[in-house]
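The values are calculated or read from the model by the stated rules, or taken from the named source; none is laboratory data. These numbers come from a predicted model, not from an experiment. As a convention, Cβ positions derive from the backbone with ideal geometry for all residues, glycine included, and neighbour counts pool all protein chains shown.
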Amino acid sequence: MLQHYKDAHLVLNWETCHFMVKEGIVLGHKVSSAGLEVDKAKINVISKLPPPTNIKGIRSFLGHAGFYRRFIKDFSKIARPLTKLLEKDIPFKFEDECQKAFELLKEKLTCAPVIVSPNWNLSFELMCDASNLAVGAVLG
């Protein structure tokens with residue numbers, strides 16, 4: 001595999017490349033032979049977040065949570081009370097439904113697995129791609 005990088009004249013940053021490791025952090029989860037566990041440091045930060053008190057706080061929270069949106073079922077529906085506060089000429093009123101949406105998103109970010117281990121009894125394909133700028137992989 002490394003020969004392909006060399007042939008494509010790609011340079012790897014050896015400080016950020018990790019091969020043959022026993023565990024690592026991926027998308028805020030500790031991945032190891034034991035399966036997936038949450039990264040305690042990330043969970044503590046997210047679980048202690050206070051409710052947003054202004055538009056900037058809503059944007060910040062939704063920006064962070066939005067990174068995981070494809071992994072959270074019905075993300076848009078859950079976040080709707082918060083995104084309504086971002087509409088033009090809407091006064092900032094962080095009411096009960098906003099609080100519920102905020103707490104539910106925090107729960108989903110901290111409790112539910114964002115990525116899941118493959119079922120090793122089923123076949124799957126690892127698709128890799130590289131360009132002059134990046135290397136990517138998808139497990140399908």
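One line per residue, one yes/no per condition, for (1) free of Cβ contacts under 8 Å to residues at least 60 places away in the same chain; (2) under 21 Å from His29 (Cα atoms); (3) of a type in the set (D, E, K, R):
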{"site": "Gly57", "(1), (2), (3)": "yes, no, no"}
{"site": "Phe71", "(1), (2), (3)": "yes, yes, no"}
{"site": "Leu82", "(1), (2), (3)": "yes, no, no"}
{"site": "Asp89", "(1), (2), (3)": "yes, no, yes"}
{"site": "Phe94", "(1), (2), (3)": "yes, no, no"}
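All told, Phe102 falls short of being surrounded by 11 or more Cβ atoms within 10 Å (Cβ to Cβ) and at pLDDT below 95. Among the residues of the stretch 1-32, the ones that are farther than 22 Å from Ser131 by Cα and exposed (fewer than 10 other Cβ atoms within 10 Å of the Cβ) come to 3 in all.
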